[in-house]
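Heads up: the structure comes next, in structure tokens.
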Amino acid sequence: MTSAQCRWGILSTANIARKNWQAIRLSGSGVVRGVSSRSRERAGQFIDECQWDAPFETVPEAFEGHEALLACGDIDAVYVPMPTGVRKEWVIAAAEAKKHVLIEKPVAVNAADAQQMLDACNANGVQLMDGVMFDHGKRIGSVSEQVRSASLGQLRRIQAHFSFTGDSEFQSANIRTDSVLEPHGCLGDLGWYCIRFILWASGFRDPVEVSGRTITPLRRDGSDEWVPGEFAGELVFDGGLTAGFFCSFCTANQQLATLSGDCGYLTIDDFVLPLYDSKTEYQVHRHELEIDNCRWNFRRRSETFACDEYHSGESNAQEVEMMRTFNAIVTAGTLQPALAQRALQTQRILDACRRSDSLGGQRVSLNPSS
């Protein structure tokens, strides 16, 4: 590298890449140098559209084929938003080209593939990190501090719900219901965030046991197998802590999370994608039941906490902080193995959920052999 700017390449023109294009621009420490697609024309069109809304001073180059982008010496890091089922070979290729890798979730088809990707990155001295934006926002740190400070008392229960309703075309034609491209369906697309939130709240401990069930299967037209369209999971930790999550392509927009302790509980109603605002919020509740003979009054005792960060598209939004974190790793040359391990841990729990589902919802260990 010749400057303090992280020079990015984007492998594919997936829609989510538009948001992260803008995040790179707003980061102040990164620039997009190139975008690759199967055709140079498609990559060029993507660049033109993004430049119109969030321009870089130097127009990024359009590459025909991902190999050409990876061979470019002016790129330090790549963002990989391509489908899960075809991602592994390109992550390994990027690592071997000495490019740092920011990858969409779920990171892989299974934990064995994720480990191979991580091994390739480690062998080549580059960072691997998944694109969970809320990991880098102010709010998740504040929520974690509430737990660590015992503000809620002993944590007993964690619940997370992430869903949206896909129409009939989505359910039958979207790649997220394709068993080859996105084999984990809603569990990979939405449940990944639920699992990650549970890990934050639990201090990134491994659960002792995991169970899960597909409630509604969905199948893309022409796909050989179904994928989870609605999924419910349960995690059991040492010390009496349990967690549950629900994710769905068939239920209205919801992003609800609850942390319940023996002295109070905490709620967030937008834990993944913050609602439109200039701040992110959560509430702590310690309601009281007052009994006076025949009078029974359940008193609301709620306190709102706010963090100074925009929902999206501003310099302090969570996706911009994610890019700043990654840019700093690249420009300083100091890897953060914990960020890669966080992704691998999430993948292992997702795998255990699928394993349990195949066994009719039985509780299973994270270790397939046990």
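Summary table
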| read-out | value |
| --- | --- |
| Criterion (touching a residue at least 40 places away in the same chain (Cβ under 8 Å), among the aliphatic types (A, V, I, L, M), over 30 Å from Tyr265 (Cα atoms) and out of contact with any strand residue (DSSP E or B) (no Cβ under 7 Å at 6 or more places or on another chain)) met by exactly one of Val126, Val86 | Val86 |
| Test: Arg220 is outside any strand (DSSP E or B), surrounded by fewer than 17 Cβ atoms within 10 Å (Cβ to Cβ) and not aliphatic (A, V, I, L, M) | no |
| Among (1) modelled with pLDDT of 95 or more; (2) surrounded by fewer than 17 Cβ atoms within 10 Å (Cβ to Cβ), the one test that Thr177 misses | (2) |
| Breaking point among (1) part of a strand (DSSP E or B); (2) in contact with a Phe, Trp or Tyr (Cβ under 9 Å, 6 or more places away or on another chain), for Asn297 | (2) |
| Which listed residue, of Ile140, Ile103, Ile158, is within 17 Å of Pro81 (Cβ to Cβ) and either touching a residue at least 12 places away in the same chain (Cβ under 8 Å) or out of contact with any helix residue (DSSP H, G or I) (no Cβ under 8 Å at 6 or more places or on another chain) (or both) | Ile103 |
| Within the range 150-174, considering residues that are modelled with pLDDT under 95 and either in a helix (DSSP H, G or I) or among the aliphatic types (A, V, I, L, M) (or both), the one nearest to Asp262 (Cα to Cα) | Ala150 |
| Candidates Ala112, Ala94 - the one that is surrounded by fewer than 20 Cβ atoms within 10 Å (Cβ to Cβ) and assigned to a helix (DSSP H, G or I) | Ala112 |
| Flag if Asp206 is out of contact with any His (no Cβ under 8 Å at 6 or more places or on another chain), over 25 Å from Gln341 (Cβ atoms), among the acidic types (Asp, Glu) and in a loop (DSSP other than H, G, I, E, B) | no |
| First in the range 34-62 and free of Cβ contacts under 8 Å to residues at least 24 places away in the same chain, second anywhere and crowded, with 17+ Cβ neighbours inside 10 Å and among the aliphatic types (A, V, I, L, M), Cβ under 6 Å, 6 or more apart | Gly44/Ala62; Ile47/Val35; Ile47/Ala62 |
| Restricting the range 287-303 to residues that are among the polar types (S, T, N, Q) and more than 41 Å from the chain's Cα centre (by Cα), the residue that is surrounded by the fewest Cβ atoms within 10 Å (Cβ to Cβ) | Asn293 |
| Residues that are in contact with a Gly (Cβ under 9 Å, 6 or more places away or on another chain) and outside the structural domain of Gly233 (by TED's automatic domain parsing), drawn from the range 106-165 | Pro106, Val109, Gly125 |
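The values are calculated or read from the model by the stated rules, or taken from the named source; none is laboratory data. Values in this document were obtained by computation on a predicted structure and should not be read as measured data. Positions of Cβ are backbone-derived with ideal geometry, glycine not excepted, and every protein chain shown enters the neighbour counts.
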